[in-house]
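Report on the following structure.
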Amino acid sequence: MDAYGKNGMIREMESVLSRMKSNQCKPDIITFNLLIDSYGRRQDFEKMEQVFKSLLRSKEKPTLPTFNSMITNYGKARLREKAVYVFQKMTHMGYTPSFITYESLIMMYGYCDCISRAREIFDELVASGKEMKVSTLNAMLGVYCRNRLPKEADLLFESACNRRVLPDSSTYKLLYKAYTKANMKDLLQNLLKHMDRDGIVPNKRFFLEPLGAFGSLPASPKPATATTGLSR
């Protein structure tokens, strides 16, 4: 069932669930979460909400991944009010938000064009004194990159590096996408230097994924030079 859910094979997943019910096998929280996430990723929110209500009526209890998934998937559909409602319900039920929860909120507000609110949550996490996770940094960078704000993304990246947050491959992919789309040669060259210092050696896929996600760039010899430099 897990494999069906991850691969978007909803009918097959529902068939397994039907057999479970026929055999009087009650779903556990793992099954509930799988259903909620699978329906959410397909934006079948009616079924997702039905499963969530069934979960609340059952002997099982929601977990943080339950709420995080709903917040993220509502966000991708730009259903901000529903996502905020889920977060409020989670806290009212006594759950303490995790880093992943806050990252889900940051991404949700980014999808909903609420960039300042996303940054507020990010800054609150930084101000809390807890060690900044690279996944949290990537969530906020994703907001800037998705909303075509490469300069803001670059400022955040440099600030994080000064705080000794170690970027990962996702960090560099996000920035490369944004800088390439904006045709910002200086930022691309600076990113190259960071990657070289960190010992990051990108492969062909590194370049193709960003170009495929954002579309091809206008013809220009200088960006091509930057790309060639990266591949060495």
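Each reported figure results from applying straightforward, stated rules to the coordinates on display, with no laboratory input. Here the structure is a predicted model, which means the values were calculated and not measured. With ideal geometry, Cβ positions are generated from the backbone for all residues, glycine too; neighbour counts draw on all protein chains shown.
What the phi angles of segment 47-55 give under the Karplus curve with 6.51, -1.76 and 1.60, with θ = phi - 60°, is a coupling list of 5, 4, 5, 5, 5, 4, 5, 4, 4 Hz, glycine and proline written as x. Between residue 155 and residue 28, the simple spin-label model (points 7 angstrom out along Cα→Cβ) gives 4.9 nm. Say the cut-off is 28 Å between C-alpha atoms; which of 151/193; 47/130; 133/193; 82/181; 61/173; 82/173 go over it? Correct reply: 47/130; 82/181; 61/173; 82/173.
What do you get when you divide the Cα radius of gyration of segment 131-205 by 2.2 N^0.38 Å, with N the number of residues?
On the way: Rg = 11.3 Å, N = 75, 2.2 N^0.38 = 11.3 Å.
That ratio works out to 1.00.
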